[in-house]
Amino acid sequence: MIDNSIFNNKKVAYHTLGCKLNFAETSAIGKQLSDEGFVKVKPGEQADVCIINTCSVTDTADHKCRQAINRLNRQHPDAIMVVTGCYAQLKPEEIASIEGVDLVLGANEKFSLLDYLTKNDSSLTGEIHREDILKVKEFKPSCSRDDRTRFFLKVQDGCDYYCTYCTIPIARGHSRNASISDTVEMARQAIREGAKEIVLTGINTGDFGKTTSENFFDLVKALDALPDEIRFRISSIEPNLLTDDLISFVAQSKHFMPHFHIPLQSGSNEVLKLMKRRYGIELFAEKIQTIKKIMPGAFIGVDVIVGVRGETDEYFEQAYRFITSLDISQLHIFSYSERAGTKMLKIEHSVVNTERKRRSEVLHALSSEMTTRFYISQTGNQANVLWESRHKDDKMVGFTSNYVRVERPYDKTLVNTIQSVRLGNLNEDGSALVVD
């Protein structure tokens, strides 16, 4: 039993990088610490403990993690510096060698942080605690709110796909999840805490159910049966796991929004084969057509990676032509980064960094066109907007059910409420529609 009196009023600072799953897990850690007496540090205060939850999806992500560690070490020189997350799982010795780092915890150890903090402060000098994540079978649930209206509910962790460019399986372990009943109860708890919108998040969300002999579609149906006023969004789902039955269900759902995030990664079948993806562009195109046929106003975001080994100029042009043919709303573009331990390193053809950057810029320009076109198509529509707490100057933002960003004059009474509005034109910088 932990004597929480030793933690009363201890100040803790958090810094999270990477995916929404990381933010959900940091929130879960924060609740553990808060329950034991820790207090979140305020601006200008000195922290007793700094916790950095890291990402390692690219070299850039690693670099940002190191920058964050150094910055927090300068801001809080006397704090216990704890680093965890994917970067810590993959390269613990590299992190432990950084000045100021006291404790490095692997992907599974992060949830036992309190146990390590009970040690004498002076004994924590670059300690590493990290087990083989591929042997971990336990699922650690979490849900985050932070300062946003939207909650992120972790429903699944790990991945068994082993794409050739990706380190996630060796950073996160095998696919695993809680039961449907436990997951629904977590959603109920978020609703009790004021949630109006919950995003289902995971590493391979559609693979939910593998460890409980259940499936993602049944989870969606169970959540949709909740009687509360609540919106659900699916953060990301592999095209081969996005069934036509699931698409049809979302189209008539009470709670699930007409908003899909689907990783494509490349619009070239040859490159998809090099990546060891589990679908071709034909299946992907069919999924987009099915969504748009029954939900013409659905927002569809698509992940794409440029510059992977083996992506010749011809293959990139094929991918570009395919992406332009899709009726989608936004691209999320990532430049390929070589990752140790991945099979893609065996492919001889390499794309120089300047060309990776050029291809990224080409797709970013295309994405801007797609989003603007989609937003303009929504002008004049009546829509329900969930207003968020964040605001800049005298403007606040919110999102429609189909994920159109909307802007209006700030009104504190509207935060975390759903308002029916008529959508006007684009705002000055084109980032949102205004209320008509």
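For Gln252 and Ser325, what does the FRET efficiency come to when R0 = 30 Å and r is the distance between their Cβ atoms, rounded to the nearest 0.05?
0.60
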Amide hydrogen neighbours beyond the local backbone of Val39, cut-off 5 Å, H modeled: Asn9, Lys10, Lys11, Val12
So who's got an amide H within less than 5 Å of the one on Asn215, skipping anything under 5 residues away but keeping other chains? H placed 1.01 Å off N, in plane. none
Globularity index of the chain, i.e. its alpha-carbon radius of gyration over 2.2 N^0.38 Å: 1.00
What list of ³J(HN,Hα) couplings, whole Hz, do you get for region 429-436 from phi and the Karplus terms 6.51, -1.76, 1.60, once you set θ to phi - 60° and write x for glycine and proline? 9, x, 8, 7, 8, 9, 6, 6
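Neighbouring Cβ atoms within 10 Å as the yardstick, rank Cys50, Cys163 fewest first.
Ordered from fewest to most neighbouring Cβ atoms within 10 Å, Cys50, Cys163 come out as Cys163, Cys50.
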So which aspartates and glutamates can Lys293 reach, going by Cα to Cα under 19 Å and dropping same-chain residues fewer than 8 places off? Asp244, Asp245, Glu282, Asp327
Please work out the Kirkwood hydrodynamic radius for region 148-296, using every pair of different C-alpha atoms, and report it in angstroms with one decimal place. 16.1 Å
On a full-extension model of 0.36 nm per residue, what is the gain between Glu127 and Asn381, subtracting their alpha-carbon distance, rounded to one decimal in nm? 85.8 nm
Stretched out fully, how many nm does the piece from Thr290 to Lys343 gain, at 0.36 nm a residue minus the Cα gap? 15.7 nm
Using θ = phi - 60° and Karplus 6.51 cos²θ - 1.76 cosθ + 1.60, couplings along region 247-256 (whole Hz; Gly, Pro as x): 4, 4, 5, 4, 4, 10, 5, 6, 10, 7
Compute the distance in nm between two label points, each set 7 Å from the Cα along the Cα-to-Cβ direction, one at Arg278 and one at Glu317. 3.4 nm
Cα-projected label distance for Ser213 with Ser97, points at 7 Å along beta-carbon direction, nm: 4.9 nm
Using 0.36 nm times the number of residues separating Asn425 and Thr243, minus their current alpha carbon distance, what extension gain do you get? 62.0 nm
Expressed in µm² per second, the diffusion coefficient of region 291-378 from the Stokes-Einstein equation, with Rh the Kirkwood radius over alpha carbon pairs, at 4 °C and 1.567 mPa s, is 91 µm²/s
Among all the lysines, which ones have a C-alpha under 19 Å from Lys137's C-alpha, if same-chain residues fewer than 8 places away are not counted? Lys110, Lys154, Lys210
Distance between region 237-263 and region 358-376 - C-alpha centres, whole angstrom: 23 Å
Taking 8 Å as the Cα distance limit and 6 or more residues as the minimum spacing, I'd like the relative contact order of the chain as a percentage. 10 percent
Please report the relative contact order for region 134-257, taking Cα pairs under 8 Å with a sequence separation of at least 6, and give it as a percent rounded to a whole number. 25 percent
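Using the Kirkwood radius over C-alpha pairs as Rh, can you work out the diffusion coefficient of region 36-133 via Stokes-Einstein at 25 °C, viscosity 0.890 mPa s, in µm² per second?
Numbers: Rh = 13.5 Å.
The Stokes-Einstein estimate is 181 µm²/s.
For region 382-435, take the convex hull of the Cα atoms, compute a quarter of its surface area, and give me that in nm², please.
Working: hull surface 13.2 nm².
Over all viewing directions, region 382-435 projects a mean Cα-hull area of 3.3 nm².
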Note to self: C-alpha centroids of region 310-355 and region 167-221 sit apart, in Å, by 30 Å
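Over region 382-435, what relative contact order in percent results from Cα pairs under 8 Å that are six or more residues apart?
37 percent
Since every read-out is calculated from the coordinates, none of them should be taken as a lab result. A quick note: this is a predicted structure, and the numbers were derived from the prediction, not measured. Here Cβ is always computed from backbone atoms with ideal geometry, including for glycine, and neighbour counts include all displayed protein chains.
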